[in-house]
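Everything below concerns the one structure shown next.
We did not get these values from a lab; they are worked out from the coordinates using the rules stated. What you see is a predicted model, and the numbers here were worked out from it, not measured in a lab. In this analysis, Cβ positions are derived from the backbone assuming ideal geometry, glycine residues included, and neighbour counts consider all displayed protein chains.
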Amino acid sequence: MSSTIALISSAVFDKLLYPLNLVSNGTEAVSTFYETVYSMQLVILRQNIAYVSIFLYLLWYIKAYLSKTDLIAKEGSLMHKILDKFTVVHSGYRPTIWCFPSTLNTIVFSFIQRCIKHEYTREILKADDGGLIAIDWVNLNAPKKVILLVFPGLTGCSKDNYVTHLVDKAIKSGCSAVVMNYRGIEVELTTPRTYCATDYSDLHMVVNHVHKKFKDHKIFAIGVSLGGIKLGGYLAKQYEDSLISYAMIVSAPMNTIYSCEELEKTHNFFMFNRHLSRSLSGYFSKYKHLFETDQRYDCEAIARCSSLREFDTRFVCKQFGYDSWQDYYKDACLDSKIQNIKVPTIFLNASDDMFSPARAFPIEKIKQNPYTAMVMTKYGGHISFCEGLFPTGCNYVCRLLKEYLDCILNESQEIEKLLDSERNTLKLLNNLSDSSEISEQTNLKFTLE
């Protein structure tokens, strides 16, 4: 009995002394307890942050998914009537859920979209100065009498993923396709002359060659990014004499000065600007031997350029006769040339495109020209316009191109009638304007007399 009482007393005494023992033992158990509680709080906090972040991201995506795709065109004009029939315009652009922000959209697209292999037939054209341009044909014996002529981006070529998908749409529509590769791309640079946004001589040569080779075919030209700047500028310069019948311009910077400002912002500089300038510097380094004897160029500095503006200043401006990068960029701006385009042309641009900021979109000028229209999406990045859960295939650009091609192929007679009507209306307005000016001058003459 006494032993039992002793054991109970010992147990109670130990319980009473437990806190003191903890203190004397360095509070190890208490520390462990608090560490466990703290780690559990961290886990709960992290989970809550994750849930809130996912919820906010989903709200952002829903806003993006439901965002309106705007059709900008003169009400009742030729281009408004054509585009108003397109399902792709009314249904709008629906971005990929996990990569719809512009930077992610653009980067993911360049890596994830698969490249379609085409059996190209290569043709080498020789310019007047001896320079060589490679053009790649596919589906030469197509049944439809429309040829898709593709002008790639800054360092693009016929093998780039987005180019192969554009070509694929032409093939599936029963058309031939041809891709222009710029000097020194897919063929050796043989003369000390490259290419830039405002030099249309090579483009003009290619268009003339395609027209001579297929005189009974209509040329549908599509320009992407730099290719869009070149195509838009060329159409404006040709005015009503262009051999191109229809055009589509994708993600082209409308004002290159604004584009430069946007690309030199810190995040865009490190993500895109520096990468592209290094690609151009690598292009120059490959053919440096052709320029080393020309005193205008500091070849070592050009090979080390870290921005597009620096490359254009050190190399492009000096080659094509511009006093400064500002003069070159001003001459390259599409927003000042829209009114001179007299070929049915669709512009596709995203408001979040870092290469072509929305503040540069010449909306009023596009509305005033019956031959131009813009499909403007809220999201889409640069060229990418990713769609679907896994955006490895056709994107919004391809869907818009497909509907435009189908419209041209299936409603060509109706479009021609609308074109003739538009041209006659414009001629009548021009004649009335000229008559009004002559009348005013005559009245002024009589008044002075």
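What angle, in degrees between 0 and 90 and rounded to the nearest 10, separates the Cα long axis of helix 201-213 from the longest principal axis of the Cα atoms of the chain?
The answer is roughly 70 degrees.
Give the dimensionless ratio obtained when the Cα radius of gyration of segment 108-201 is divided by 2.2 N^0.38 Å.
The reported ratio for this selection is 1.13.
Going by a ≥ b ≥ c, the root eigenvalues of the Cα gyration tensor, does the chain fall in the rounded group (a/c under 1.5), the prolate group (a/b larger than b/c) or the oblate group?
prolate
To the nearest 10 degrees, how steep is helix 396-410 against the longest Cα principal axis of the chain, on a 0 to 90 scale?
Approximately 30 degrees, to the nearest ten.
If I model a spin label at Leu243 and Gln368 as a point 7 Å from the Cα along the Cα→Cβ vector, what separation in nanometres do I get?
For Leu243 paired with Gln368, the spin-label model returns 3.2 nm.
Return the distance in nm (one decimal) between the two label points of a simple spin-label model at Trp60 and Arg423, each offset 7 Å from Cα along Cα→Cβ.
In this crude spin-label approximation the distance works out to 5.0 nm.
Using Cα centres only, tell me the gap between segment 125-176 and segment 349-388 in whole Å.
Comparing the Cα centres of segment 125-176 and segment 349-388, I get a distance of 24 Å.
Any chance you could list P(r) for segment 256-332, counting all Cα-Cα pairs in 5 angstrom bins from zero, rounded to whole %?
With 5 Å bins starting at 0, P(r) equals 3, 17, 25, 24, 19, 9, 3, 0.
In the chain, what cysteines have no partner Cβ closer than 4.7 Å?
Result for the chain is Cys99, Cys115, Cys157, Cys175, Cys196, Cys260, Cys299, Cys305, Cys317, Cys333, Cys386, Cys407, no neighbouring Cys Cβ within the cutoff.
I want to make sure I understand the PRE zone here: with the label point 7 angstrom from the Cα of Thr191 toward its beta carbon, which residues in segment 125-165 have backbone N atoms less than 15 Å away?
Only 125-134 fall inside the zone, counting backbone N under 15 Å.
Can you spot the aspartates and glutamates whose alpha carbon is less than 19 Å from Lys85's alpha carbon? Ignore those fewer than 8 places along the same chain.
Hits, sequence-local ones excluded: Asp70, Glu75, Glu403, Asp406, Glu411, Glu414, Glu416, Glu422.
To the nearest 10 degrees, how steep is helix 102-112 against the longest Cα principal axis of the chain, on a 0 to 90 scale?
80
Could you calculate, for segment 183-310, the ratio of the Cα radius of gyration to the Kirkwood radius, expressed as Rg to Rh?
1.02
Would you please calculate the Kirkwood hydrodynamic radius of segment 54-185 over all C-alpha pairs and express it in Å, rounded to one decimal?
Final number for the Kirkwood radius of segment 54-185 is 17.9 Å.
Once fully extended, how much extra length lies between Asn431 and Lys145, figured as 0.36 nm per residue of separation less the alpha-carbon to alpha-carbon distance?
99.5 nm
Between their Cα atoms, which of Lys126/Lys330; Lys172/Lys342; Lys74/Lys342; Lys74/Lys230; Lys81/Lys342 are more than 18 Å away from each other?
Details: Lys126/Lys330 30 Å; Lys172/Lys342 28 Å; Lys74/Lys342 14 Å; Lys74/Lys230 24 Å; Lys81/Lys342 16 Å.
From Lys126/Lys330; Lys172/Lys342; Lys74/Lys342; Lys74/Lys230; Lys81/Lys342, over 18 Å: Lys126/Lys330; Lys172/Lys342; Lys74/Lys230.
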